[in-house]
């Protein structure tokens, strides 16, 4: 009986030509049919184009073995439990970042391969960013040490080791092992008689179906993350390029999704609402349009929730993802000033979300990783193309989600309008202007509350004339101080009774009017709502 196997997936990532495939070959004892660039296209171009899978195994470390129960019999010969390390060889070319992201999502540990003669390169940095998002453990491999001058080799390795330690200093991989190797001494054209260098040290760090095999070994079961070969009878493999095997109801096809979002700090651009990004969900990458939103301001400090989305809460629309120092563009006046102060003090929301609308449906599990990128950026530019990452909290499966589901999403815009009091009609009424345009249908705003800069609260009662002016009723009446400010307008009324002005003198000082209200983005009736 074969011994128990514990599988761990180790991703081999790095810049193109850093020696990833040579390293995977040097480590592996068993290769799958998709290993070491076996595809004709890969051999023709001389680069890895798709994920490659191979493996090696070592005795299962004692810390991973279950505690013995009583006097257990000695294991049979060949039944020693093993740790199987599946190597996922990822492409390194910038244009294949989608495949790299897909590979990173199935790995437990990442080996970041660095050409020791060149150090960190653009895709090395992108792979490090992907690693911070997708996995918890990292091993840095300094490859091609045989190309360093023999007399200066150790000094060069020590210098690059210190550089990598400094690079990892501000990441979650601080203190990660850094191992020098020569996976293919002499380079790709050298004879294969040269033994790889440093491999034992690296292994020590890493440690209707008819039948199934895992690297040519028959198995009766498999779990998520295993590399598995399945023999299926009466099936033409030419009909399937790449698909998904899953338990019933575990995957859903969605047209849009609500995602908890976190910006990747190395991305230099801003994250703008209505912008399009390449959205990677599972092994699919499609274009998607985003709309960012945050909690209402009094919920900025609430603890993030990463396993569900609450439709009963209200959320604040954002023109862009908020970072410290950024100002939401949808606000103006006093609210914007207040939020500028918050941002300058580092008071940004602890959690932000995005509505992502996909250009074509994607199939994925709930709570899966989502990565937004700008893959249309220049691949030769020294810049990070990965923009944000998050967790898919809620998928919208209905094709007509805009009508059936989005009205439940209570995202609002804060609207602020400002005008001035032109004159007083009586102790309980004033005429305002500059709040609306001439063509505005003021009837839509009748009943909304406004505030005077002198402190009184009023209600828009009606339009006044044809030039965008309006009448405001003040239930509590004007204060004596306010009437004193507005006194000059009482001395000469002109033809005001007909809604016209004829040489009206200005008040001693302007009294401002402000109107604030919410408008919900997905409210089909476009209602304006004010707090009680």
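The table below lists the values:
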| item | result |
| --- | --- |
| Residue 383/residue 203 FRET efficiency (R0 45 Å; Cβ-Cβ; nearest 0.05) | 0.80 |
| log10 of Debye I(q)/I(0), alpha-carbon scatterers only, for the stretch 397-472 at 0.16, 0.27 Å⁻¹ | -0.64, -1.34 |
| By average C-beta atoms within 10 angstrom, highest first, the peptides 124-130, 301-307 | 124-130, 301-307 |
| Separation of the residue 80 and residue 30 label points, Cα + 7 Å toward Cβ, nm | 1.6 |
| In nm, spacing of pseudo-spin labels at residue 531 and residue 428 (7 Å Cα→C-beta vector) | 2.8 |
| Proxy reagent accessibility, fewest Cβ within 10 Å first, across 380, 252, 278 | 380, 252, 278 |
| FRET E, pair residue 262, residue 443, Förster distance 56 Å, beta-carbon r, rounded to 0.05 | 0.80 |
| Estimated distance in nm for a label pair at residue 161 and residue 453, the labels positioned 7 Å out from Cα along Cα-to-Cβ | 6.9 |
| Residues of the stretch 404-446 with amide N under 11 Å of the 7 Å Cα→Cβ point at residue 270 | none |
| For the stretch 130-196, convex hull of alpha carbons as volume per residue, Å³ | 104 |
| Förster-model FRET efficiency, 51 Å R0, residue 418 and residue 17, C-beta, rounded to 0.05 | 0.25 |
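Throughout, read-outs are computed from the coordinates displayed, never taken from laboratory work. Nothing here was measured: the structure is a model prediction, and the numbers come from that model. Ideal geometry is used to build each Cβ from the backbone, glycine not excepted, and the neighbour counts take in all protein chains shown.
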